[in-house]
Every structure is written in C-alpha cells, then in structure tokens.
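Q: So that we are looking at the same thing, I have put the structure below in structure tokens.
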Amino acid sequence: MNKAWWKEAVVYQVYWRSFYDSNGDGIGDLKGVIEKLDYIKKLGVDVIWLNPFYESPDRDNGYDISNYEAVMTQAGTMETFDILLEEIHRRDMKVILDLVVNHTSDQHEWFLESKSSKTNAKRDWYIWKDAKNGGKPNNWRSYFEPSPWTWDEATEQYYFHSFAVEQPDLNWENEEVRKEIYRMMRTWLDKGIDGFRMDVINLLAKPEGFPDAEDPDHISYLADNPGIHDYLQEMNREVLKDYDTMTVGEIPFVTPETGLLYVDENRHELNTLFHFQVADEMPVMDLPKYKAIQQAWYDGLHDRGWNSQFLNNHDHTRQVTRYGNDQEYRAESAKLLATMLHTLPGMPYVYQGEEIGMTGVRFDSIKDYEDIAMKNKYKEEVEKGRDPQEVFESLLLLSRDNSRTPMQWDDGEQAGFTTGTPWIKVNPNKKEINVKQALKDPNSIFYYYQQLIALRKEQPVMVYGDYEDLSRKYETLYVYTRSYEKKTWLILLNHSDKDQRYKFEERCIGRPVHCVIGNYDRGEAGRMHLEPSILLKPYEARIYEWSE
Ligand code: NOJ
C-alpha cells in the first residue's frame with residue numbers, strides 16, 4: 001500500500017461554535033480556536049477539521065450556507081480565518097474545511113434568483129418540479145422533514161431538499177453549478193487549506209425521474225445514484241489533482257463494496273470516507289456486529305482504499321455514553337474506545353472533548369434543545385398525536401445536541417467556555433469533567449490520547465499493519481493483531497464491566513512481549529512471556545508487542 005501523509009494523520013474535529021468563545025457572545029468563534037491551538041497541538045494531532053463557518057442563516061448550525069466565500073458573523077471575519085490558517089500551519093498542523101455542496105441555504109443568492117421566476121437563468125441550479133396529480137412529485141421523505149418537496153406559491157412548482165425546507169439541493173446535472181463549485185473550492189485551496197471533509201457527498205446525484213420509493217421511510221434512495229462517480233472524478237480532474245490535499249467523504253448508506261468505488265486509489269475520487277454502519281445503525285455497542293463491520297471493511301478496502309475510524313462527531317452522541325460506560329468506568333471505557341479507534345485500520349478522528357471523556361447530556365425539556373433534526377422530528381411525531389413526553393424520551397439518546405454542548409475547559413459557571421450565556425446549555429458534569437482537571441492528572445484520558453497519538457508517529461504498524469481478529473468466539477472481548485514487517489501488536493479490549501478471561505491462541509503463548517500501553521497498571525516491568533491466558537479487568541485495554 002502506498003504511503004501518504006494523511007494516512008499517518010490523526011484528525012481533531014473542532015465544532016467551533018461549542019469550542020471556545022473569545023468575545024462573550026455565547027457562541028464559540030474562530031478567534032477562540034486560535035486561542036486554544038496550543039491545547040490542540042499538545043494532544044499531538046496532525047489535522048484539524050473545522051465545521052462550516054461560512055455565512056449562513058444558521059438554521060442547521062452552518063450546514064445551510066448563504067455565501068461560500070464569506071465568514072459567518074458569529075464565527076468572525078475572513079482576516080481571523082487567515083490568521084487561524086497561518087497559526088495552524090505555524091504549529092505544523094493542517095486544516096480541512098467542510099465542503100457542503102449538496103445543498104445551500106434558501107437565502108443563498110443563487111436560490112433567491114432561482115426562485116424568482118421560472119425563466120431566471122439560475123432556475124435550473126436547483127431542482128424544481130411540477131405538482132403530480134395535484135400533489136408532491138413523489139412519496140419520498142427527507143432527513144429532517146416528512147417530505148423533501150416544498151411548494152413555491154409564486155412560481156407554482158416544488159423545490160427539492162434532502163434536509164430542511166431551508167436547505168434546497170443544488171442541481172449537479174447543471175454544468176454551471178459544478179463549475180462554480182469547483183472555482184469556489186480552488187479559491188479555498190489557493191488560500192492554503194489542506195483539504196475537505198465533504199458533507200453527504202454521495203447525495204449529489206439524484207435518481208433519474210425521481211420515482212416513488214417502495215419504502216419511503218428508508219431514505220437510502222437519496223444516496224449513491226448513477227452519475228455520482230462521474231461528478232467526483234470530474235471534481236478530481238478539475239480541482240483536487242492540482243493540490244496535495246486530504247479529502248474525506250461523508251457517505252451515508254455505503255457498504256464496503258460501494259465504498260471502495262469512492263476511495264479506490266486507482267479511481268481518483270476521494271482519499272477516505274466516513275461510513276455509517278456503526279454510528280447510524282448500531283445505537284449501543286454490539287461487539288459481534290462491530291467486529292463483523294470492521295472485518296468487512298478491512299477485506300473490502302485492503303490494499304486499495306483507506307478507511308476512517310470514528311464513533312462520534314457533531315451528529316452522533318458522545319462515544320463514552322453510547323458505546324462505553326459513562327458512569328463507573330468512564331475513564332477506563334473512554335481509554336478503551338480510544339485504544340480501539342487508534343489501532344483499527346484507518347485514520348482516527350477525535351471529536352473535541354472526547355479526549356477528556358465528555359459525555360452525552362440529558363436536559364429536562366425539548367425547549368433546552370437546539371438540534372433542528374430533533375426538534376422537527378419531535379414536532380412531526382407530536383402532531384401525529386403521540387404522547388409528547390414519550391416522544392421526547394425516545395429522541396434523547398440520539399439527539400445531536402448530546403455532542404454539541406460547550407467544551408468543558410474548567411469547572412466554572414459556564415465551564416470556561418464563555419463569559420456570556422452559552423447558545424446551548426453546558427453539561428452539568430463540567431465540575432468533574434474538564435480540561436483543567438485533565439491536564440493536572442498524569443493518569444487522565446487526555447494524556448492517554450496524547451500517548452496513543454505519539455505512538456502513531458513512531459510505529460508504522462499502527463498505520464500500515466495487517467489486521468487479524470483473534471476473538472470471533474467472544475461476545476464482549478475484542479482481540480486482534482496488527483502486523484507490519486517484523487513487528488506484531490496484539491490489542492486486547494474488554495468491552496464489559498466484568499472481569500473476563502481471554503485464552504491466547506497457541507501461536508501467541510510463550511512469546512516474549514512487552515506492553516506498549518494499557519489503561520490499568522499491572523505492574524509489568526519490561527519484557528515478559530505471554531501466559532496461556534489473561535484475566536482482563538472491566539473495560540481493560542492493553543497492547544502487547546512482539547517481533548519475529
Ligand atoms: C451532515 C452534517 O454532518 C450535518 O450536521 C448536517 O445537518 C447535514 N449533513 C446536512 O448538511
């Protein structure tokens with residue numbers, strides 16, 4: 001497999017509005033990110049992914065862009081962005097920006113023009129359809145609404161939106177749209193950014209004729225439609241091939257077979273991808289399923305394309321809450337999940353606050369929530385006549401606000417995030433969980449991440465090693481090896497709150513090993529020989545290394 005800088009990188013995701021507020025307006029900002037760059041650097045990461053900060057009415061926290069080449073007032077100014085870029089590079093880190101080109105805001109001047117009349121030159125920049133039999137053009141639903149079609153009274157047509165009413169989809173069949181997007185991408189790359197995280201990039205192509213779906217609730221018909229690979233290859237030819245970038249596509253509904261088409265190195269589309277077979281389809285840890293997913297992606301991409309490893313981000317509840325134990329074993333399970341994500345094949349992503357074990361949140365009322373997906377769903381279900389409290393409860397675990405609460409810097413009133421009133425409430429557990437505390441404790445989750453990230457720099461086995469699962473018959477133990485050249489790492493993970501014994505395979509017993517890292521102190525000094533079995537403590541994670 002070819003080597004590349006981005007394959008060896010760890011990415012830190014900054015959801016800037018919840019990261020650090022430098023001016024007391026209650027919303028994080030780009031200057032706040034600058035002020036905390038030394039903290040990010042201390043962790044040792046290589047790349048920062050910044051969520052969208054472009055001009056936007058902010059209906060979907062910046063994913064509804066009204067001007068791709070301006071900075072949203074809440075985030076700051078273009079001058080501040082330029083300083084941020086320079087400061088990131090000065091610290092030997094890189095930065096990738098969100099590229100949100102499936103849709104714009106309904107306040108984007110392109111859409112305002114498009115909407116102004118049927119004969120406007122930009123009418124075809126969006127997807128407009130006549131009513132069908134007096135109603136919507138088809139029976140689909142959208143991510144955030146019961147239907148992806150919204151009627152425009154003035155011009156008597158429907159427009160299409162995969163997400164909220166305020167997020168009309170661009171028409172990628174229109175060549176002028178594509179050219180304009182490519183020009184915009186070049187503008188950012190020429191400024192010096194290092195790549196893009198591409199929002200729902202496999203939604204760009206729509207099914208020909210927009211036929212009714214058999215199962216309208218299963219919205220996979222929005223994704224992976226014919227034409228998508230032509231667009232991405234064109235984007236590569238027209239833009240990306242001229243820059244040394246990193247690209248990661250957000251690709252819902254893909255399988256390893258269809259995923260390979262996006263990241264196969266010979267196809268010149270994307271470097272890597274986020275698939276959602278875990279985050280969207282596995283609400284709590286189901287280890288046999290997780291192992292099967294890892295195996296399938298390893299087999300599917302091996303030697304041909306690069307995977308990404310993540311369990312949470314700004315759309316998915318914090319991993320220690322969803323897949324670990326955020327109570328008694330919070331620190332242990334946070335470290336265990338980190339050990340796993342940093343040693344499975346692919347690039348690890350750290351979502352801000354994950355490195356101190358921040359947890360999901362439970363506010364008292366729907367009024368405390370800001371997430372448009374949750375609020376729209378709540379409204380839709382309550383309007384159907386369901387009990388509001390029951391609907392509220394059912395939406396709690398997966399609300400996107402679980403991971404959007406402000407970064408917990410200290411135990412002060414607003415967790416050191418702002419001197420004003422935060423746009424979303426702070427998690428009450430800021431007293432116990434915060435950066436100040438983590439930096440004081442040599443055993444903290446933070447320093448464990450720091451060690452894992454430093455190891456990646458010294459240990460190609462972590463990046464390029466072959467993967468083998470040695471734990472298929474165990475329900476809640478995950479044990480695998482990574483092997484590269486003459487070195488093997490054996491990774492042991494106990495995903496349960498009980499002691500569990502693991503029996504080593506014959507070929508491992510007696511091997512002279514040393515422990516690379518672990519989340520319990522076993523007092524093992526230096527080299528030792530593997531016994532026939534090991535008793536792992538609750539949420540214990542351990543890596544042993546041997547050489548041939
Ligand atoms: C995926 C983004 O991560 C999410 O936050 C956003 O709401 C949708 N795409 C729409 O852009």
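The values are calculated or read from the model by the stated rules, or taken from the named source; none is laboratory data. What you see is a predicted model; the values in this text were computed from it and never measured. No Cβ is skipped: glycine too gets one built from the backbone with ideal geometry, and neighbour counts run over all protein chains shown. These area figures cover heavy atoms from the full protein model, side chains too; ligands, DNA and RNA do not enter into them. Shrake-Rupley method; radii C 1.70, N 1.55, O 1.52, S 1.80 Å.
Q: Pick from Tyr378, Tyr369: which is more than 28 Å from Leu477 (Cα to Cα), at pLDDT 95 or above and open to solvent by less than 30 Å² (accessible area, probe 1.4 Å)?
A: Exactly one of Tyr378, Tyr369 is more than 28 Å from Leu477 (Cα to Cα), at pLDDT 95 or above and open to solvent by less than 30 Å² (accessible area, probe 1.4 Å), namely Tyr369.
Q: Go through the stretch 515-538 and count every residue that is more than 19 Å from Lys335 (Cα to Cα), open to solvent by 40 Å² or more (accessible area, probe 1.4 Å) and in contact (Cβ under 8 Å) with a residue 12 or more places away in the chain.
A: Selection size over the stretch 515-538: 6.
Q: Within the stretch 410-431, identify whether any single residue is open to solvent by less than 50 Å² (accessible area, probe 1.4 Å) and basic (Lys, Arg), and answer yes or no.
A: Yes, because at least one residue in the stretch 410-431 is open to solvent by less than 50 Å² (accessible area, probe 1.4 Å) and basic (Lys, Arg).
Q: Could you list, in sequence order, the residues of the stretch 161-190 that are open to solvent by 10 Å² or more (accessible area, probe 1.4 Å) and either among the polar types (S, T, N, Q) or modelled with pLDDT under 95 (or both)?
A: Asn171, Asn174, Thr187
Q: Looking at the stretch 49-66, I want the residues that are under 14 Å from Gly28 (Cα atoms) and assigned by TED's automatic domain parsing to the domain that holds Pro348 and have a partner that is within 9 Å of the ligand (Cβ to nearest atom) and part of a strand (DSSP E or B) with Cβ atoms under 8 Å, at least 6 apart or on another chain. Which pairs are those?
A: Matching pairs, first to second residue: Leu50/Asp98; Asn51/Asp98; Pro52/Asp98; Gly62/Asp98.
Q: Name the single residue, out of those in the stretch 369-394 being within 27 Å of Tyr20 (Cα to Cα) and in contact with a helix residue (DSSP H, G or I) (Cβ under 8 Å, 6 or more places away or on another chain), that is nearest to the ligand (Cβ to nearest atom).
A: Residue satisfying both the conditions and the ranking: Ala373.
Q: Just to be sure, is Ser18 of a type in the set (Ser, Thr, Tyr), over 27 Å from Asp244 (Cβ atoms) and within 16 Å of the ligand (Cβ to nearest atom)?
A: yes
Q: Same structure again: For the stretch 45-95, name all the residues that are within 14 Å of the ligand (Cβ to nearest atom) and of a type in the set (Val, Ile, Thr).
A: Result: Ile65, single match.
Q: Ser496 - would you say it is open to solvent by less than 20 Å² (accessible area, probe 1.4 Å) and in contact (Cβ under 8 Å) with a residue 24 or more places away in the chain?
A: Yes: the conditions hold for Ser496.
Q: Have a look at Trp125, Trp151 and point out the one that is hydrophobic (A, V, I, L, M, F, W, C), more than 15 Å from the ligand (Cβ to nearest atom) and within 23 Å of Ile65 (Cβ to Cβ).
A: Criteria check complete, one pass: Trp125.
Q: Could you please let me know if Val11 is closer than 18 Å to Ile193 by Cα, assigned by TED's automatic domain parsing to the domain that holds Phe196 and touching an Asp or Glu at 6+ places or on another chain (Cβ under 8 Å)?
A: Judged against the criteria, Val11 is a match.
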